Amino acid sequence: MYFTTIAVPFNAILAIGKIVLGVFSLSFILVINAFFNIGMAVAKYLAVKTHRMSSITEMDQRKSYRSIGWMILFSSIMFIVFCSVLTISNMAIKYDPHLAVIIATVTFTELVLSIQGIVNARKDKKLMMEAVKLTNFASALISLTLTQAALLSFTYDGNAVGYNMISGLLFGTISGFIGIYMILKRRLV
């Protein structure tokens with residue numbers, strides 16, 4: 001939780017930076033990704049806040065866990081809606097190849113670390129840590145859409161907006177199911 005506490009303001013600053021960069025570079029998928037990241041920063045903040053409570057009960061943990069699930073579900077639905085709108089606009093996305101490789105490297109590292117963290121949190125039966133790791137996993141899934149858009153922008157000759165929409169819908173839906181899983185989870189074990 002110590003690293004999550006440090007990461008929350010960093011994630012918020014990174015999301016704001018993505019919004020600014022996305023607006024100036026006209027990369028609306030980057031802006032969409034940034035808004036999702038803001039939702040995930042709020043979810044992580046709730047997990048940290050719950051973890052720091054002096055007399056935390058199992059009921060408090062489950063309530064926060066479900067609230068985080070709702071945040072993931074809402075953010076995923078908004079991501080899907082905005083990806084659909086972006087698709088209707090049929091706007092081509094262009095990235096520098098070096099930036100695309102950096103985005104891919106960060107995304108795949110985040111994906112691997114989040115999966116490893118989920119396994120460890122479940123073994124240790126730490127509900128708030130599991131919530132943070134599931135939030136990281138949902139965020140990494142959404143970042144896969146950005147990664148695909150960035151890589152296709154310089155490797156695909158045509159307009160890849162259709163492919164980006166499909167991956168946005170797919171990863172947004174999987175992320176939404178993570179939120180639903182968290183909302184419906186009944187017990188601490």
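Quick one: of 63/123; 133/185; 123/185; 63/125; 44/126, which pairs are farther than 18 Å apart, Cα to Cα?
63/123
Against the longest alpha carbon principal axis of the chain, how many degrees, from 0 to 90 and to the nearest 10, is the axis of helix 2-25 turned?
Approximately 20 degrees, to the nearest ten.
Could you line up 145, 155 from fewest to most neighbouring Cβ atoms inside 10 Å?
Fewest-to-most ranking of 145, 155: 155, 145.
What length, rounded to one decimal in nm, is gained on full extension from residue 119 through to residue 177, with 0.36 nm per residue of separation minus their alpha-carbon distance?
19.1 nm
Please list, ordered by chain and number, the residues whose modelled amide H lies under 5 Å from the amide H of residue 160; skip anything fewer than 5 residues away on the same chain.
Residues meeting the criterion, in which the H sits 1.01 Å from N, are 93.
Between 33, 136, 120, where does the largest GNM mean-square fluctuation fall for the chain, given springs only between Cα atoms within less than 10 Å?
120
For a footprinting-style exposure proxy, rank 119, 48 by other Cβ within 10 Å, fewest first.
Placing the least packed residue first, the sequence is 119, 48.
Please give the charge dipole size of the chain, origin at the Cα centre, charges +1 on K and R Cβ atoms and -1 on D and E Cβ atoms. Round to the nearest 20 debye.
That gives a dipole near 880 debye.
If Rh is defined by the Kirkwood formula over all Cα pairs and Rg also comes from Cα, what ratio Rg/Rh do you get for segment 14-72?
On the Cα set of segment 14-72, Rg over Rh gives 1.19.
Taking Cα atoms, how many degrees apart are the long axis of helix 97-124 and the longest axis of the chain, rounded to 10 and kept between 0 and 90?
Tilt of helix 97-124: around 20 degrees.
Return the ratio Rg/(2.2 N^0.38 Å) for the chain, where Rg is computed over Cα atoms only.
1.04
Which one of 117, 69, 158 has the biggest mean-square fluctuation once the chain is modelled by GNM with Cα springs under 10 Å?
Answer for the Gaussian network model of the chain: 158.
With θ set to phi - 60° and the Karplus curve 6.51 cos²θ - 1.76 cosθ + 1.60, what are the ³J(HN,Hα) couplings of segment 61-70 in order, to the nearest whole Hz, using x for Gly and Pro?
Once rounded to whole Hz, the list reads 5, 5, 4, 5, 4, 5, 4, 5, x, 4.
In degrees from 0 to 90, rounded to the nearest 10, what is the angle of the helix 28-52 Cα long axis to the longest principal axis of the chain?
With both axes taken from Cα atoms, the answer is about 10 degrees.
Where does each of 50, 105, 173 land when they are ranked from fewest to most other beta-carbon atoms within 10 angstrom?
Final ranking by Cβ density, sparse to dense: 105, 173, 50.
Which of 79, 171, 108 ends up with the largest GNM mean-square fluctuation for the chain, with Cα atoms connected below 10 Å?
108
Values in this text are rule-based calculations from the coordinates and carry no lab data. Just so you know, these numbers come straight off a predicted model, no measurement behind them. Backbone-built Cβ (ideal geometry, glycine too); neighbour counts: all protein chains shown.
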